[in-house]
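Encoded as C-alpha cells, the structure appears first; notes follow it.
We did not get these values from a lab; they are worked out from the coordinates using the rules stated. What you see is a predicted model, and the numbers here were worked out from it, not measured in a lab. Don't worry about glycine lacking a Cβ; one is built from the backbone with ideal geometry, like all the others, and counts go over all protein chains shown.
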Ligand code: PDD
C-alpha cells in the first residue's frame, strides 16, 4: 500500500494534511475509485475523464493534466507491484484558512492511494444480497462524484444495521441508485437501468455493462424505474468498480424473482470476467 500527496509519496498513516484543508472542512472535492486487475487499471481513461468533468462541475481546477495524473497512477502501481487492488484519487480545493469563499491563488490538493486487495464477495454472489430502500436525501447534483458522502454513508450504515448489503435511494417515486452502486433489473429478458440525468452517477461499470450486454444482443433500456418495476422484476443487481456485479435477491421484504441469483446475473458476471481478464 502506498499514498501520494502533492508530488510526494507518503505512507498511508503519515500525517500530511494541515488541519485547515478544504476537503476536511467542507468536503470540497471530487474523487475516483479505480480497480486494478493484474496490475492494470481498468478503464483508467474513463475514470480520469469523469474526474475532470466532476472537477469542472464544481469549478475546481485539477493540479495536473489527466495525462500527468495517469502517469502518477501508473508509477505508483509500478512502485507497489500491486496486482489486484484499487487506486483512489481525490482532488480538493486546497489548503487555506477556513472561509466559505474559494481561496485565491491556492493550488488544489491531489491525493492518491494505492491499495492491495479487493472485497471478497463470494457469498454475496452465490447467495445474493438484501438491500433496503431509503428516501434520497442527497443534493440535486449526484452526477458529480463529490467527496460529500454523508447521506450515502448514513443510508448504507442504516441498511447494514438492518442486515442489508446496500441502501438504494428513492427520489420522486423513482428507484435511482445505491449509495456506491448503480442498479439494473431484468424483466422478460430485457435489462433496465435508471436514465442518467443529474440525479445519479453515470457509473463506469454501468456503462461498461451496457456495452457488454449490447455486444451480446441483450436488449438494454435506460428508463425510469419505480418500486413496481422492482416487484415484477425477474432479477435485480447492483454494479460498481469495487463490487463489479452483485445479485440482489431481496429488496426490503420483497423477494426478487426466485430469491436466488438469476441466469442473467450469471451470464453477465461471466462476460464481465472476460472483459477484465
Ligand atoms: N462508488 N453510484 C454512486 C453514488 C457511486 O458512488 C458509485 C461508485 C457508483 C458506481 O460507479 P462506478 O461503476 O464508476 O464505480 C454509482 C465508488 C466505487 C466508491 O464510492 O467507492
How much FRET efficiency would the formula 1/(1 + (r/R0)^6) give for residue 71 and residue 211, where r is the Cβ-Cβ distance and R0 is 35 Å, rounded to 0.05? 0.85
What length, rounded to one decimal in nm, is gained on full extension from residue 99 through to residue 59, with 0.36 nm per residue of separation minus their alpha-carbon distance? 12.8 nm
If I model a spin label at residue 13 and residue 45 as a point 7 Å from the Cα along the Cα→Cβ vector, what separation in nanometres do I get? 4.0
Over what distance in Å are the Cα centres of the range 201-244 and the range 79-98 separated? 29
Among the range 14-32, those whose backbone N falls under 17 Å of a label point 7 Å along Cα→Cβ from residue 149 are 23-32
Between the Cα axis of helix 66-80 and the main Cα principal axis of the chain, the angle (0 to 90°, nearest 10) is 90
With springs only between Cα atoms under 10 Å, which of 107, 15, 97 fluctuates most in a Gaussian network model of the chain? 15
Contact order relative to length for the range 122-276, counting C-alpha pairs under 8 Å separated by 6 or more residues, stands in percent at 26
Is the range 122-276 best put as rounded, prolate or oblate by its Cα gyration tensor, with a ≥ b ≥ c the root eigenvalues, rounded for a/c under 1.5, and otherwise prolate when a/b is larger than b/c, oblate when not? rounded
Taking Cα atoms, how many degrees apart are the long axis of helix 150-161 and the longest axis of the chain, rounded to 10 and kept between 0 and 90? 50
Pulled fully out, how much extra length does the chain show between residue 78 and residue 158, if you take 0.36 nm times their separation in residues and subtract their Cα-Cα distance? 24.9 nm
Show me 44-54, 113-123, 149-159 ranked by packing, highest mean number of other Cβ atoms within 10 Å first. 44-54, 149-159, 113-123
Rg in Å to one decimal, and Dmax rounded to a whole Å, for the range 38-79 via C-alpha atoms: 11.2, 35
Per DSSP H run of n ≥ 4, the term is -39500 (n - 2.57); total these for the chain, divide by its residue number, and report the mean residue ellipticity at 222 nm rounded to 500 deg cm²/dmol. -9000 deg cm²/dmol
If the chain between residue 173 and residue 271 were fully stretched, how many nm would it gain, using 0.36 nm times the residue separation less the Cα-Cα distance? 32.1 nm
Relative to the first principal axis of the alpha-carbon coordinates of the chain, what is the inclination of helix 263-276, with its axis defined by its Cα atoms, in degrees from 0 to 90 and to the nearest 10? 30
